[in-house]
Amino acid sequence: MRIYLTKDYDAMSRKAANIISAQIILKPDCVLGLATGSTPLGLYRQLVDWHRKGDLDFSEVITVNLDEYRGLGADDKESYASYMRENLFSLVNLKPENCHLPDGKISDSEEACGKYNALLGSLGRQDLQLLGLGKNGHIGFNEPGEFFGKDVHCVELARSTVEANRRFFEAGKNVPAYAYTMGIRSILRARKILVIASGKDKADAVREVFFGEVTPYVPGSILQLHNDVILVCDEEAFSKCR
Ligand code: F6R
């Protein structure tokens, strides 16, 4: 594993954006695995900025997102499809047909997961997979449990995850209890994995994921077994690793 330690969130975002843009320049038709949440917002802003300046071309890039809430479709404003449209897809020259997420509108979990698994299989391995870390060590929506979920599957979100994500929902609106997520095997297939973490809130997760025991009770800990992981982390998130 390579670790880049940065001063703060902005520097983390710039460093991570640099790595993603290097991937796109190296292989313009790469498959990029993407994440949502608060942590990647700065890096998406940076990528958009470079695109606007003419330095980054997404015309051949293919994207696959980690997850989507079950029950929310591309038109629901809290869906991850909307988040991606607002923060990246509609702001760069990605082709809409090259941007993929699980279809939250399919209520039959087996059908939704089977479809996304088949799509991932047809696109081949992600050249680079971006990951944020849940405070409980989750990656994608692979929550702590007795075993590592393998392929795309439907998960019941941990109470802490539902609470953490409530901030993205209008007051009074329920956070969906289930989500479709890439499984651990779908994530580990990536040739390169880029993990970003920022802030004190993530300090325990960073320590346990990268320096603790490999256990499904800390789902991200399985990243220790992947041979090309880059952690870009600010001082606060790394503060319990010293
Ligand atoms: C998002 C995802 C989640 C988040 C994680 C951290 O697509 O799969 O694993 O990366 O919950 O979220 P933030 O960045 O909001 O702290």
Kindly list, by first and then second residue, each pair from a residue in the stretch 120-136 that is of a type in the set (Lys, Arg) to a residue that is at pLDDT 95 or above and assigned to a loop (DSSP other than H, G, I, E, B), limited to pairs with Cβ atoms under 8 Å and residues at least 6 apart or on different chains. Arg125/Arg189; Arg125/Ala190; Arg125/Arg191
Keeping to the stretch 36-69, report how many residues are within 16 Å of Ala164 (Cβ to Cβ) and small (Gly, Ala, Ser). 2
Selection status of Asp127, away from the ligand (no atom under 16 Å from the Cβ), of a type in the set (D, E, K, R), within 25 Å of Val214 (Cα to Cα) and surrounded by fewer than 21 Cβ atoms within 10 Å (Cβ to Cβ): yes
Test Asn117 against the stated conditions and say whether it is surrounded by fewer than 20 Cβ atoms within 10 Å (Cβ to Cβ), in a loop (DSSP other than H, G, I, E, B), polar (S, T, N, Q) and modelled with pLDDT of 95 or more. no
Within the stretch 166-212, how many residues are part of a helix (DSSP H, G or I) and either among the aromatic types (Phe, Trp, Tyr) or under 14 Å from the mean Cα position of the chain (by Cα) (or both)? 7
Go over the candidates Ile3, Ile25 one by one and state the one that is more than 16 Å from the ligand (Cβ to nearest atom) and either of a type in the set (Gly, Ala, Ser) or under 29 Å from Gly149 (Cα atoms) (or both). Ile3
Please tell me if Leu133 is more than 21 Å from Met12 (Cα to Cα) and within 16 Å of the ligand (Cβ to nearest atom). no
Among (1) more than 15 Å from the ligand (Cβ to nearest atom); (2) touching a residue at least 12 places away in the same chain (Cβ under 8 Å), the one test that Ser90 misses: (2)
Return only the number of the condition from (1) under 29 Å from Ser109 (Cβ atoms); (2) near the ligand (Cβ under 10 Å from one of its atoms) that Arg189 does not satisfy. (2)
Could you please find all residues in the stretch 100-114 being closer than 18 Å to Val31 by Cβ and crowded, with 21+ Cβ neighbours inside 10 Å? Leu101, Pro102
Looking at (1) part of a loop (DSSP other than H, G, I, E, B); (2) more than 16 Å from the ligand (Cβ to nearest atom), can you tell me which one Glu78 breaks? (2)
Would it be correct to say that Asp49 is outside any helix (DSSP H, G or I) and more than 16 Å from the ligand (Cβ to nearest atom)? no
Being crowded, with 19+ Cβ neighbours inside 10 Å and either within 16 Å of the ligand (Cβ to nearest atom) or more than 30 Å from Asp151 (Cβ to Cβ) (or both) is the filter here, so list the residues in the stretch 52-69 that pass it. Leu56, Thr63, Val64, Asn65, Leu66, Asp67, Glu68, Tyr69
Given the criterion surrounded by 14 or more Cβ atoms within 10 Å (Cβ to Cβ), of a type outside the set (A, V, I, L, M) and touching a residue at least 60 places away in the same chain (Cβ under 8 Å), identify the matching residue among Phe210, Phe147. Phe210
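The values are calculated or read from the model by the stated rules, or taken from the named source; none is laboratory data. Just so it is clear, the model here is predicted, and its values are computed rather than measured. Virtual Cβ from ideal backbone geometry, glycine too; neighbours counted across all protein chains shown.
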